[in-house]
1. State the number of residues belonging to the range 360-369 that are outside any loop (DSSP other than H, G, I, E, B) and buried (at least 18 other Cβ atoms within 10 Å of the Cβ).
2. Just one of (1) open to solvent by less than 30 Å² (accessible area, probe 1.4 Å); (2) within 16 Å of the ligand (Cβ to nearest atom); (3) of a type in the set (A, V, I, L, M) trips up A82, so point out which.
3. Which one of these does R18 not meet: (1) under 21 Å from I121 (Cβ atoms); (2) in contact (Cβ under 8 Å) with a residue 40 or more places away in the chain; (3) surrounded by 14 or more Cβ atoms within 10 Å (Cβ to Cβ)?
4. Is it the case that the range 341-358 has a residue that's within 13 Å of the ligand (Cβ to nearest atom), in contact (Cβ under 8 Å) with a residue 40 or more places away in the chain and open to solvent by less than 20 Å² (accessible area, probe 1.4 Å)?
5. Residues to consider are L308, L328, L313; find the one that is within 30 Å of I277 (Cα to Cα) and more than 16 Å from the ligand (Cβ to nearest atom).
6. Just to be sure before I move on: is D93 more than 18 Å from Q361 (Cα to Cα) and either acidic (D, E) or open to solvent by 40 Å² or more (accessible area, probe 1.4 Å) (or both) in the structure I sent?
7. Among the listed residues V286, V222, V259, identify the single one that is more than 16 Å from the ligand (Cβ to nearest atom), of a type in the set (A, V, I, L, M, F, W, C), modelled with pLDDT of 95 or more and within 30 Å of L308 (Cα to Cα).
8. Conditions first: (1) closer than 19 Å to M99 by Cα; (2) out of contact with any Lys or Arg (no Cβ under 6 Å at 6 or more places or on another chain); (3) crowded, with 24+ Cβ neighbours inside 10 Å. R245 passes all but one, so which condition is the exception?
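The values are calculated or read from the model by the stated rules, or taken from the named source; none is laboratory data. Since we're looking at a predicted model, the values are computed, not measured. For neighbour counting, all protein chains shown are included, and Cβ atoms are generated from backbone atoms with ideal geometry for every residue, glycine included. The accessibility values were calculated without ligands, DNA or RNA, using every heavy atom of the protein model including side chains. Shrake-Rupley method; radii C 1.70, N 1.55, O 1.52, S 1.80 Å.
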Amino acid sequence: MQRDLFDEEHLLFQQTVREFMNREVIPHHEQWEKDGLVPREIWKKAGEVGMFGFSVPEEYGGAGVTDFRYNAVIVEEITRNALSGLGFSLHNDVMAPYMVELTDDEQKRRWLPGFASGELITAIAMTEPGAGSDLQGIRTTAVLEGDHYLINGQKTFITNGINADLVVVVAKTDPAAGARGTTLIMVERGMEGFTRGRNLDKIGMKAQDTAELFFENVRVPVTNRLGAEDGQGFFQLMNNLPQERLSIAVAAVAAAEAVLEQTIEYCKTRQAFGRNIGSFQNTRFVLAELATETEIARHYVDKCIRSLNARELTVVDAAKAKWWTTELQNKVVDRCLQLHGGYGYMMEYPVAKAWVDSRVQTIYGGTTEIMKEIIGRSFGF
Ligand SMILES: Cc1cc2nc3c(=O)[nH]c(=O)nc-3n(C[C@H](O)[C@H](O)[C@H](O)COP(=O)(O)OP(=O)(O)OC[C@H]3O[C@@H](n4cnc5c(N)ncnc54)[C@H](O)[C@@H]3O)c2cc1C
């Protein structure tokens, strides 16, 4: 079925992103995987070609356009080329709403120009060693003392954790108040008491920095709080999680499409028993099933993108997209690896990298089980 999500301007932008990836990222990505990090300069270069902060108003250096199709273009180009080191979607898809919608004018002036230019790299720190799915169980505290907060606590698994200059820290300002006692506070690189721990050694996404963060008596001015009131953090997170989950679903479908395409080509040339392996009925049936499911996923996700643009995407819609497409991605990648035989287990074949990179997709941004909980609760039991 013809895909009709993108207009001409999105396709032009897709061309720009594609050229950028070919020129600036693809030749270096393997080295970055060995380094466990992408260099900060690549963020700046991506900023120069307009890859960040579409929704940032023009007066602060952005494009002033709220259209998630541009975000999707970038996610898809990154995913199709397996450039999993680039934490751009965290910056663009996850962080942009916090930066644009929750900041006051003074904060906008301080942060948005750097956010849009790629000079100021962002991260969001929700997860702690003792609290992931159960976000209400976080222990990091922010105690209001006059004109500043005193932050103490620890976060883990934070994407862009090493490179980030600005981190939204989810902290309890009133531990007794449950969901109403959580506040989002921006902690900046260089603040005393804010340190980074290990760049964590993951099974995939080797070039992406995923780190532990520590906060020991970090004094953060009240002017770094997101939102006018204390205690709104949990609701701010709940508002923005659908967009994060949709971004993960966009990547899931793009990854499944790419791996399917590569595998179909492989099956046309690999011989066994004197025939191409694509001539076995099992191969054709497996690929037929995966291609069908991937195309169905594509259309649901595209519809979700349109709904998000119309501000109609619900928490439940996004949860459905997230769990179903990421589980599908894992299935596609796993079955395609099987069709590669032993070569599928070798890192020189793209399917092997796709297999390790994809595994996290059903985990971060809310696990499959949590997505099903969200959907299940909507039935009103
Ligand atoms: C590579 C990577 C990048 C990440 N990036 C970030 C980031 O940038 N910022 C950030 O804040 N976090 C980040 N995370 C953390 C991620 O969001 C959490 O790992 C995830 O939410 C799961 O939390 P957890 O690891 O504590 O698992 P747990 O919550 O301990 O879950 C363990 C298992 O129990 C299941 N489970 C838990 N509760 C229930 C329930 N009620 N019903 C049924 N099953 C349940 C889960 O589904 C899972 O299978 C990242 C994680 C990874 C691996």
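1. Residues of the range 360-369 outside any loop (DSSP other than H, G, I, E, B): 360-362, 368-369.
Right, trim to buried (at least 18 other Cβ atoms within 10 Å of the Cβ) and you get 360-362.
Qualifying residue count, the range 360-369: 3.
2. Condition (1) is where A82 drops out.
3. Result: R18 passes all but (1).
4. Let us first name the residues in the range 341-358 that are within 13 Å of the ligand (Cβ to nearest atom), namely 356-358.
Of the ones still in play, those that are also in contact (Cβ under 8 Å) with a residue 40 or more places away in the chain are 356-358.
Going one step further and asking which of them are open to solvent by less than 20 Å² (accessible area, probe 1.4 Å), we end up with 358.
Looking through the range 341-358, at least one residue is within 13 Å of the ligand (Cβ to nearest atom), in contact (Cβ under 8 Å) with a residue 40 or more places away in the chain and open to solvent by less than 20 Å² (accessible area, probe 1.4 Å).
5. Details: L308 fails: within 30 Å of I277 (Cα to Cα); L313 fails: within 30 Å of I277 (Cα to Cα).
The match here is L328.
6. Details: more than 18 Å from Q361 (Cα to Cα): no; either acidic (D, E) or open to solvent by 40 Å² or more (accessible area, probe 1.4 Å) (or both): yes.
Considered against the rule, which asks whether it is more than 18 Å from Q361 (Cα to Cα) and either acidic (D, E) or open to solvent by 40 Å² or more (accessible area, probe 1.4 Å) (or both), D93 comes out as no.
7. Working: V286 fails: within 30 Å of L308 (Cα to Cα); V222 fails: within 30 Å of L308 (Cα to Cα).
The conditions single out V259.
8. Among (1) closer than 19 Å to M99 by Cα; (2) out of contact with any Lys or Arg (no Cβ under 6 Å at 6 or more places or on another chain); (3) crowded, with 24+ Cβ neighbours inside 10 Å, the lone unmet condition for R245 is (2).
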